[in-house]
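Accompanying notes for the structure given below.
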């Protein structure tokens with residue numbers, strides 16, 4: 001059970017504050033325990049009613065059973081994407097779209113994800129999540145199932161039994177002299193550590209048991225041949241991995257973001273990972289296979305972390321296949337016209353991450369960027385919000401822009417980042433996969449780090465890799481932008497080597513490599529088929 005809270009625990013210890021989202025606070029709260037029977041039952045009933053209302057009969061009769069794949073269909077990934085073949089916009093899962101499209105006629109694919117939970121049944125977050133589910137059910141060729149759809153009627157009994165067990169376990173731990181000695185040796189954080197661990201035993205661990213039970217029910221009902229995952233260290237995703245190992249169903253994770261030597265979602269010691277893939281205590285449950293961007297990431301997982309060598313495969317990132325032929329999908333002139341930007345203007349793209357930064361850092365960043373752009377002639381700024389940013393950050397951005405003299409366009413988290421990367425002349429970011437995408441498109445990058453923290457603490461050290469310039473002070477930003485807009489040859493020299501290490505190949509064939517692994521794992525392709533030479 002510890003692996004359901006490990007990442008959050010260390011994050012909170014490092015930050016010295018609560019880092020859990022309100023949704024998770026509610027899910028794991030004592031209030032929810034008291035109303036849990038009603039709330040869970042209501043979610044299960046609503047999930048089944050909604051799915052039944054939009055269920056469609058198969059268009060064609062299937063003569064034989066096709067392999068079935070269950071994948072994690074995150075709400076945040078449901079957006080308008082550009083079809084790589086037709087160049088037309090469509091609604092799909094931005095992360096898995098190319099893989100699902102490739103598998104459409106040879107596998108059954110089912111998307112599973114929890115509907116958002118809140119303190120109020122009809123909060124904006126819950127309504128938005130339900131709207132995403134309905135939109136998928138109405139307009140997508142891939143069947144969708146909310147996670148609570150599989151909630152067993154007697155699940156509360158299981159959770160009650162788990163609650164009793166973990167309360168008893170906490171009583172034993174609380175009285176353990178070694179535990180007391182550890183707390184006594186760390187006086188500054190002893191109170192926080194004790195309260196967190198007590199909360200885990202009383203609330204988080206029983207909730208994790210329920211997640212695993214629902215995942216088992218889902219596997220029993222859907223009988224999948226493979227579970228396809230992104231964000232495999234999240235509580236929901238972790239429950240799928242645990243249940244899949246208990247039921248003997250293979251799992252495949254596709255790298256969804258940056259991996260660094262400091263990423264606790266991936267970095268484990270040798271005694272934390274089982275060599276034979278076991279998820280039994282004390283081992284951390286990891287997917288059977290993990291497909292990563294490049295050789296750098298495989299080395300991190302197998303040499304710095306303790307992933308077994310044969311569990312990590314270099315494929316490249318399927319959603320980056322379009323980077324190979326962007327000029328066939330987008331037109332710079334058409335996009336600039338659509339955005340209302342003069343074709344004579346240079347474009348600076350800023351990828352914000354307000355939700356992951358302190359208010360102090362956000363304010364410093366906005367003052368720096370808007371002030372810098374205001375002083376550079378014939379230059380427009382596109383502010384691309386992160387998909388995870390809430391409405392309050394949108395209002396904050398608008399308030400800052402309203403008082404600025406800069407030529408600024410704000411785009412939403414669901415807008416087409418690839419189009420904006422294609423038309424921009426320079427990217428500003430902090431720690432984001434957008435940096436890697438910009439480098440793949442031969443764009444100069446500025447890492448905005450006004451708080452002075454080490455870049456490698458968060459992610460790949462782009463500055464040491466020689467593909468980005470780092471700015472630590474507000475007054476340094478404008479000269480850095482002007483310099484790179486004039487000449488970025490120094491950064492350009494390092495991009496090819498960086499791409500080979502971090503993205504393997506920008507050849508438009510990462511989807512094919514991932515699909516080849518899927519075929520092997522579901523038993524429809526030879527197991528000795530080569531995926532990459534890395």
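The values are calculated or read from the model by the stated rules, or taken from the named source; none is laboratory data. The shown structure was predicted, so the numbers you read here are calculated from the model rather than taken from an experiment. Here Cβ is always computed from backbone atoms with ideal geometry, including for glycine, and neighbour counts include all displayed protein chains.
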**Asked** Right, residue 377: free of Cβ contacts under 8 Å to residues at least 40 places away in the same chain, touching a strand residue (DSSP E or B) at 6+ places or on another chain (Cβ under 9 Å) and over 27 Å from residue 294 (Cβ atoms) or not?
**Response** no
**Prompt:** How many residues, within segment 448-458, are surrounded by 15 or more Cβ atoms within 10 Å (Cβ to Cβ) and either touching a helix residue (DSSP H, G or I) at 6+ places or on another chain (Cβ under 8 Å) or modelled with pLDDT of 95 or more (or both)?
**Reply:** 3
**Request:** Within segment 344-358, work out how many residues are farther than 16 Å from residue 410 by Cβ and assigned to a helix (DSSP H, G or I).
**Result:** 1
**Request:** Kindly indicate the residue of segment 127-148 that is in contact with a helix residue (DSSP H, G or I) (Cβ under 9 Å, 6 or more places away or on another chain) and farther than 25 Å from residue 99 by Cα and also surrounded by the most Cβ atoms within 10 Å (Cβ to Cβ) among those meeting that condition.
**Result:** 148
**Item:** Which listed residue is within 27 Å of residue 320 (Cα to Cα) and buried (at least 16 other Cβ atoms within 10 Å of the Cβ), from 341, 376, 397
**Value:** 341
**Request:** Could you check how many residues of segment 284-343 are touching a residue at least 24 places away in the same chain (Cβ under 8 Å) and in a loop (DSSP other than H, G, I, E, B)?
**Result:** 18
**Test: residue in segment 234-245 that is at pLDDT below 95 and not in a helix (DSSP H, G or I)** = yes
